[in-house]
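Comments concern the structure below.
The values are calculated or read from the model by the stated rules, or taken from the named source; none is laboratory data. Please read all numbers here as calculations on a predicted model, not as lab measurements. Note that each Cβ is placed from the backbone with ideal geometry, even for glycine, and that neighbours are counted across all protein chains shown. Areas reflect the complete protein model, heavy atoms only, side chains present, ligands, DNA and RNA absent. Shrake-Rupley method; radii C 1.70, N 1.55, O 1.52, S 1.80 Å.
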Amino acid sequence: MLEETGPDPAAIRDWVAEHTTWVPYMGVLRGANGVLMDRSGNSLDRALLLAALLDEAGYAVRLARTTLPADAAASVVESSGQGVDLDVDTSSIASVPEWAGYRDGAGRSSDALLELVDPTLDAETALAAASEAAADHWWVQAEVDGA
């Protein structure tokens, strides 16, 4: 990945922002390697990827965390395209021919999984869970040129 961006921290940050998508869940699930592999994760997992890449490029990094206000968290959910149906976003793999079958079946798989996990989950509850996950916001701070 760093072969594409070089050691520029802004280019590394932009790569992570452009090549991964946010999905709602709490805690560490995928880690840096998992986000790199499937190109999705919550803000913590995506921050772990960014921190690992910046560290590999030679920067001192640390994670930072806050709780977003409810309106900001709702905006994250709305802008993410995750919606309340909790459908899997597979648009990033649409152009990969060997994954075409996965793209078509992924939404059905996520719906089936949701039914197995909690068949009573309604749209309002799903939106509340996604908003709670969005409110738990993580980011990376890196030391660049002494600042």
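Whether a residue is closer than 16 Å to Asp136 by Cα and either crowded, with 22+ Cβ neighbours inside 10 Å or without any contact (Cβ under 8 Å) to a residue 12 or more places away in the chain (or both) was assessed, and Asp45 passes this test. Leu53 passes every criterion in (1) open to solvent by less than 50 Å² (accessible area, probe 1.4 Å); (2) closer than 14 Å to Arg13 by Cα; (3) free of Cβ contacts under 8 Å to residues at least 40 places away in the same chain apart from (3).
Does Arg13 satisfy being under 15 Å from the mean Cα position of the chain (by Cα) and at pLDDT below 95?
Values: under 15 Å from the mean Cα position of the chain (by Cα): yes; at pLDDT below 95: no.
It is false that Arg13 is under 15 Å from the mean Cα position of the chain (by Cα) and at pLDDT below 95.
In the set (1) on the phi > 0 side of the Ramachandran plot; (2) buried (at least 18 other Cβ atoms within 10 Å of the Cβ), Gly81 fails one condition alone, (2). When we screen Ser43, Ser91, Ser75 for residues that are modelled with pLDDT under 85 and of a type in the set (Gly, Ala, Ser), the only hit is Ser91. Is it the case that some residue within region 10-29 is more than 17 Å from Asp136 (Cα to Cα), open to solvent by less than 30 Å² (accessible area, probe 1.4 Å) and touching a residue at least 40 places away in the same chain (Cβ under 8 Å)? The answer is yes; a qualifying residue exists.
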